[in-house]
Structures are given as structure tokens and as C-alpha cells.
Amino acid sequence: MNQWLESAKTVVLNLLILISFVLTSALWNNQPQFQVIEPSAYVKSKPVPTRKMEELVTPESIMFHYGNDRHTKTYTNNGNFYYRQISEEMKKWYFTNPVSYPLTEEMWEELMHKRQGLELMFHSEVPMTVISQLFMINGDINDQMKGIDRLWLYYDEEENVVYALFISTNDKQVFRAGTAISPKDLLEYYLPLGNRLPEQIMKATRTTTDSEYPRLKRPFWEIYYLPKEPQKITKYLYNYLLVTEDELIDAYFLDPSLVRRIDERDRTVIFTDGSRSIQFQQDQQFITYTDPAFQQGRQDLSSDEKIRDAIAFINKHLGWTDDYRFDRIRESEEGGEVITFRQYLGPYPLVSVNGQHLDTITVMSEDGQIVTINRSLIDLDKYISNQEWVVMSGPELFEYLRNNRIVDTSQIKNAYLAYQAQVHQGYVELTPAWVVEVRNQPDIVVTARSAQEGGKGNGLE
């Protein structure tokens, strides 16, 4: 019996060994077919043009004052030779000990009509914290002055020095500072640059500084300039490119695969990932981006930090499709800030008509967080037609406004040349225009073509 059990064990053991060899052979000769997993294809994002604050915050024009009521003007676009010369010098300017400096009636008269100097004019008020980033200023002025819209250098003959006036038209404030600019630099280098530029007529309206105490009120003159003679500006028709839906989604959403499209009955199109959204009308080339998700923002930001944050956001989200400049910063009704950048063509700003919103990028922020941005989808490409116009001088503009009873010219606080932008099917029309700013009224836009040219008459838009 035992012998039979031993024989059975031997047979079973040999069978197991045989099965083991068979399985080993099968595994050895039948290796699994591994599938090579290709890495995901990386699609490089289209590069976008970026900007720095120092590139976007620039004066709109420079006035050269020669005394004896003589003034000339140059615009500050980068291609302008005169501006390039002055801007190189601006990097060296140094201002010291700024102090409040209310001007008397006599001091205003001397400054406007007699003194030689150089005046940098901004389109609107620029916060003082931003000005302090653009120029070297030794002294505490940021807490005493919110911002300025002009920086006026003038030569004091009695002291043989050059002073700088920081002027705020909004707050009717004037601060004076010493400068490192020598009289020789101002009189023999800066002023000769503008000697052959178009002459301007100074327009000035007398007001008073804001004070609840009459005895503390001081005269304050609101000043702007108009060309003495007609000048030539080119009217353009521009082809344009549109930002595509894919570019929009890539620019504003972290994960494009989560974005869905919603088409409303009123032809509104919405792209959303459940948090952020882009909204636009199908017949309008203009978007509103909204990010309502609250994130821990930075408190007590200075104006220059808020502007830098807005610029950084635009740099990362679609960039600057055309030439823009800082326009203004203001408080919103909700308590945040609204920061506007305006589009330019050469030296002239664009102004839109019929609510087309071609002319600006507007950023709204709250507690340091960007919550909304409004911008055009149109990118000017190449001009397809151009026509040189002779545009109205300052005297002709005022005569036109009076004769057509458009506005009381004594209530005008500023007037400047611009391009009126109108979008048509397949092209954008850029027409030279006068923008007239009137106290307590909306701006008036007037076609700038001079009647003396013998062409199409002027028109109120």
C-alpha cells in the first residue's frame, strides 16, 4: 500500500513539473504587446503683444512757450522726432522739494503770456503715484496731491533758474518744485526744437480754487490750445482682423475643455466654464469678460499698483492688439476702480460712434482683483484707402460752432483732434474729427474737414 502511495506522489510531482515547464514556455514565447502612448501634442499659444506702464502713460502733447503770447505744439507719438528728443531728456529730469504754490492773478498772467517754458499735457489726470514712477521727485507730494494733468517747466529770469509746476485742473491745485534742468538746456536746446512747429492759440477760462472760505480762494485758469492755421490729416479706411472664438477661449479660460457655448434668443453668445464668462452680441465685435469668483485681494493698493495690475492682466489675456495709451482711472459706483486705456492711430485718439466701443479697453477691479474687462475684438490690419484732408483751424472751429448754434463757446473747456471710428462690413472708417468738451454736457464730435478746402462740409455727429 505504501509503495502504491509513493508511486502516485511521484506521478503527481512529475505532472506538476511538466505543467510548470509548459506554462513557463508559454509565458516566454507569448510576450504581451505593449502599446506606446504618445505624449499629448503641445500647441504653442499665439504670442501676444505686451506693454509696460511706462510705455502706456505718456503725455498727449508738448507745448513750447516763447513769451509774447507765442506757443507751438508737438504730439507725443513714438515716430515724432521732437518727442523722441524731449523724452530722452525726460529720463534725466529731477525735481526737488515740491510745495503748494497757489498762483496770484499776476503770476498766472506772466506764466501764460510772458514766461518761456515747456509744458507736458496729459489727456486726463494721472495719479501722483504714477507720476512719481515716471520722474525722479525728491520730496513728499503723493499725500498732498492726487494727480496732475500737466507739468509746466518755466524759466525765472530774476533767479536764473528753471522751476516745475505740477498742475491739477480737477482739484485746482498747483505745486512748485525745483529742478535739475539748467536754463541753458531749456532755452538753448528744448525751446529751439519747437521753434518751427505749428503755432497755437491759448484759450483760458478764469475760475477760482475750491475753498469754503472766500478769503482763501485764489484764481485758477483752465487752459487749452487750438491751432492758428488749418493743418493736414489723413482719413483712412482700414481692413481689420477679428479675434477668433478659439483665441478668446484660450486667452480667458484656464481649461478650454470645460468651456461651453450658450446662445440666447436675443443673439447674445456666452462662453462659460461655470465661473468665468465671456459675453457678446453676434452683430457686435465687442466682449465683456466677467470673473465673479472672489479671491483674496490685496488691500490698500496705490494707484500705480492698480494700473500695473490692469496692464499685467491685459498682457496675459489677449494682449494689446493695437496702439493704446493710459486714459484715466476713476472710482466705480460699486466702490472699485475703472481703468481705461484708449486706442490711438499715430498721435490722435480714436473715438467711437453709435456705441461701437472700438476705442477703449476698460478694466474694472475690486480689492485688487480684476472682475470685468470690456474690449473690442477688432484688430486694425492694413489701410485700404486714404485721403488727405485739410482740417479746421481753431478760429474756424469756433466760428462753425457759433454759426450753427451748436454750443456756447464760452463753456468749452477743451477741444482736440481725434479719429472718429466707425465699423462697416469688412472695414473701419477713421475720419478726422474735433472733439469738443463742454462744461456739464456730453462731448461733441464734429467732422474736422475745413470748408476752405472746398470739399464736403462739416457735420455734427
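Give segment 390-418 a look and list any residue that's touching a Ser or Thr at 6+ places or on another chain (Cβ under 7 Å) and closer than 23 Å to GLY346 by Cβ, or say none.
Residues satisfying the conditions are VAL390, VAL391, MET392, GLU396.
Anything in segment 391-439 that is part of a helix (DSSP H, G or I), surrounded by fewer than 18 Cβ atoms within 10 Å (Cβ to Cβ) and acidic (Asp, Glu)? List them, or say none.
The one that is part of a helix (DSSP H, G or I), surrounded by fewer than 18 Cβ atoms within 10 Å (Cβ to Cβ) and acidic (Asp, Glu): GLU399.
Would a scan of segment 353-372 turn up a residue that is in contact with a His (Cβ under 8 Å, 6 or more places away or on another chain) and either free of Cβ contacts under 8 Å to residues at least 60 places away in the same chain or surrounded by 18 or more Cβ atoms within 10 Å (Cβ to Cβ) (or both)?
Looking for residues that are in contact with a His (Cβ under 8 Å, 6 or more places away or on another chain) and either free of Cβ contacts under 8 Å to residues at least 60 places away in the same chain or surrounded by 18 or more Cβ atoms within 10 Å (Cβ to Cβ) (or both), one finds none in segment 353-372, hence no.
A quick yes/no check of all residues on (1) free of Cβ contacts under 8 Å to residues at least 40 places away in the same chain; (2) surrounded by fewer than 16 Cβ atoms within 10 Å (Cβ to Cβ); (3) assigned to a loop (DSSP other than H, G, I, E, B):
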position	(1), (2), (3)
GLU229	no, yes, yes
ASP250	no, no, no
LEU254	yes, yes, yes
ASP283	yes, yes, yes
ASP300	yes, yes, yes
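Conditions (1) assigned by TED's automatic domain parsing to the domain that holds GLU105; (2) of a type outside the set (Phe, Trp, Tyr), marked per residue:
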| site | (1), (2) |
| --- | --- |
| ARG218 | yes, yes |
| ILE223 | yes, yes |
| LEU248 | no, yes |
| PHE253 | no, no |
| SER257 | no, yes |
| ARG260 | no, yes |
| GLU264 | no, yes |
| ARG267 | no, yes |
| SER277 | no, yes |
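Could you figure out which of (1) at pLDDT below 95; (2) within 17 Å of GLN231 (Cβ to Cβ) isn't true of GLU388?
Single failed check for GLU388: (1).
Mind listing whichever residues of segment 167-188 are farther than 30 Å from ASP408 by Cα and either surrounded by 19 or more Cβ atoms within 10 Å (Cβ to Cβ) or in contact (Cβ under 8 Å) with a residue 24 or more places away in the chain (or both)?
Scanning segment 167-188 gives PHE175, ARG176, ALA177, GLY178, THR179, ALA180, ILE181, PRO183, ASP185, LEU186, LEU187.
Scan segment 366-406 for residues that are closer than 28 Å to HIS424 by Cα and of a type in the set (D, E, K, R) and jot them down.
Within segment 366-406, ARG375, ASP379, ASP381, LYS382, GLU388 qualify.
Return a yes/no flag: does segment 342-363 have any residue that is among the basic types (Lys, Arg) and touching a Lys or Arg at 6+ places or on another chain (Cβ under 7 Å).
Yes, segment 342-363 contains a residue that is among the basic types (Lys, Arg) and touching a Lys or Arg at 6+ places or on another chain (Cβ under 7 Å).
Among (1) in the same structural domain as ARG375 (by TED's automatic domain parsing); (2) assigned to a strand (DSSP E or B), where does THR207 come up short?
(1)
The values are calculated or read from the model by the stated rules, or taken from the named source; none is laboratory data. In this text, all values refer to a predicted model and were calculated from it rather than measured experimentally. Glycine gets a Cβ as well: all are built from the backbone with ideal geometry, and neighbour counts include every protein chain shown.
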